[in-house]
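J.: Okay, handing you the structure first.
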Amino acid sequence: MSKKWMVRGISCYLFFMAWYVWGLIQADAAEPGITVTVTQEGYVQVGIDSRELGDGEISVICYEPGWNQDPGDWSGNQAYLTYVNQYTLKDGKASFGFPVKGEKKDGEYALVVGTGSGTFVQAFPQQEEEVRYTVTYVAGKGGKIKGTAVQKVEAGGTGEEVTAVPDTGYRFLAWDDGILNASRRETEVGKDQTHTALFQKIEAEEYKVTFHPNGGEAATKERMVKKGDPVGALPKATRTGYRLLGWFTAKEGGKQITSATRVSSPMAVYAQWIRLAPAKGTKFSHGDLKYQIVKAASSVKHTGTVSVLGAKTKKKHVSIPAKVD
């Protein structure tokens with residue numbers, strides 16, 4: 001069948017339906033119960049429930065907003081025709097649906113139902129278009145998105161939270177729009193948008209080595225060392241009246257480390273100290289006597305030569321107290 005004859009056939013069918021409905025207008029009957037529901041997806045659901053109608057065929061025509069209020073005016077309303085069909089009533093009941101198409105216009109739709117008892121017109125409002133935007137989250141190489149990666153969000157609404165999770169051997173850097181937090185959600189959404197999480201490969205795992213001066217001062221407090229590498233040059237440390245014995249794995253005791261000690265996990269090391277002997281000329285009290293150091297101790301045992309102040313006595317190999325006044 002040619003396209004031309006197909007168009008003519010459809011036109012004749014629509015004309016017949018309109019004529020049928022118009023012929024039924026002449027009957028005078030109580031309006032049946034007709035309910036119309038418009039879904040957000042642009043679909044009209046119709047329900048008819050009227051015992052008076054009984055069984056039989058009904059014709060259904062739907063005009064979009066702008067029709068001339070005369071359901072029998074086929075030529076005047078043809079431009080507004082959006083749906084036409086026939087249905088069967090059983091015990092006065094029928095349920096059917098159809099999509100509402102066409103541009104949004106001012107006014108209401110009209111559902112024209114033709115039955116053996118008459119023609120009934122039911123107006124219903126246009127579909128309220130719900131504006132939604134698509135928010136998409138994409139994971140770059142080395143990670144994944146935890147949460148709903150593709151979201152439909154109402155205009156002005158707030159989306160669900162997602163989190164960028166790095167794979168093993170990678171770390172999260174930032175989102176492509178500059179947000180540094182791995183977790184995010186969009187608020188006041190007003191357009192379609194896509195956000196990509198960026199990840200960086202970790203070339204070698206690093207551990208923190210912390211240097212505790214343990215009463216003194218250290219030039220370096222901490223450093224990052226790659227797994228398996230030596231700790232490196234140990235920091236210089238000072239403490240008044242003390243000499244640095246070395247860096248150890250505990251405040252007291254523990255194992256001494258060197259620059260060649262290799263790092264396999266986070267480390268905390270501590271400076272350990274030896275008190276220095278008092279210098280020559282230092283005065284101090286011990287018991288009831290006051291002393292002055294004549295010859296400083298040659299070792300940390302604090303044994304040296306002192307003189308008793310106010311007397312001509314000198315004592316050799318005297319154990320100098322650890323604390324002097």
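The values are calculated or read from the model by the stated rules, or taken from the named source; none is laboratory data. Being a predicted model, the structure only gives us computed values, none of them experimental. When we count neighbours, we look across all protein chains shown, and the Cβ atoms used for this are built from the backbone with ideal geometry, even at glycine. In case anyone asks, the SASA skips ligands and DNA or RNA and just uses the protein heavy atoms, side chains included. Shrake-Rupley method; radii C 1.70, N 1.55, O 1.52, S 1.80 Å.
J.: Could you tell me which residue of the range 60-75 is nearest to the chain's Cα centre (by Cα), considering only residues that are closer than 14 Å to Val112 by Cα and surrounded by fewer than 20 Cβ atoms within 10 Å (Cβ to Cβ)?
T.: Restricting to residues being closer than 14 Å to Val112 by Cα and surrounded by fewer than 20 Cβ atoms within 10 Å (Cβ to Cβ), the top hit is Pro65.
J.: Within the range 47-103, which residues are basic (Lys, Arg) and not in a strand (DSSP E or B)?
T.: Hits for the range 47-103 are Arg51, Lys101.
J.: On to the next question. Provide a single number: the residues in the range 181-205 that are under 25 Å from Val225 (Cα atoms), open to solvent by 70 Å² or more (accessible area, probe 1.4 Å) and assigned to a loop (DSSP other than H, G, I, E, B).
T.: Of the residues in the range 181-205, 2 are under 25 Å from Val225 (Cα atoms), open to solvent by 70 Å² or more (accessible area, probe 1.4 Å) and assigned to a loop (DSSP other than H, G, I, E, B).
J.: Name every residue in the range 207-257 that is part of a loop (DSSP other than H, G, I, E, B), open to solvent by 70 Å² or more (accessible area, probe 1.4 Å) and of a type outside the set (A, V, I, L, M), in order of residue number.
T.: Selection gives Lys221, Lys227, Lys236, Arg239, Thr240, Lys251, Glu252, Lys255.
J.: So Thr148 passes all but one of these: (1) among the hydroxyl-bearing types (Ser, Thr, Tyr); (2) modelled with pLDDT under 80; (3) under 49 Å from the mean Cα position of the chain (by Cα). Which condition number does it fail?
T.: Here Thr148 clears every test but (2).
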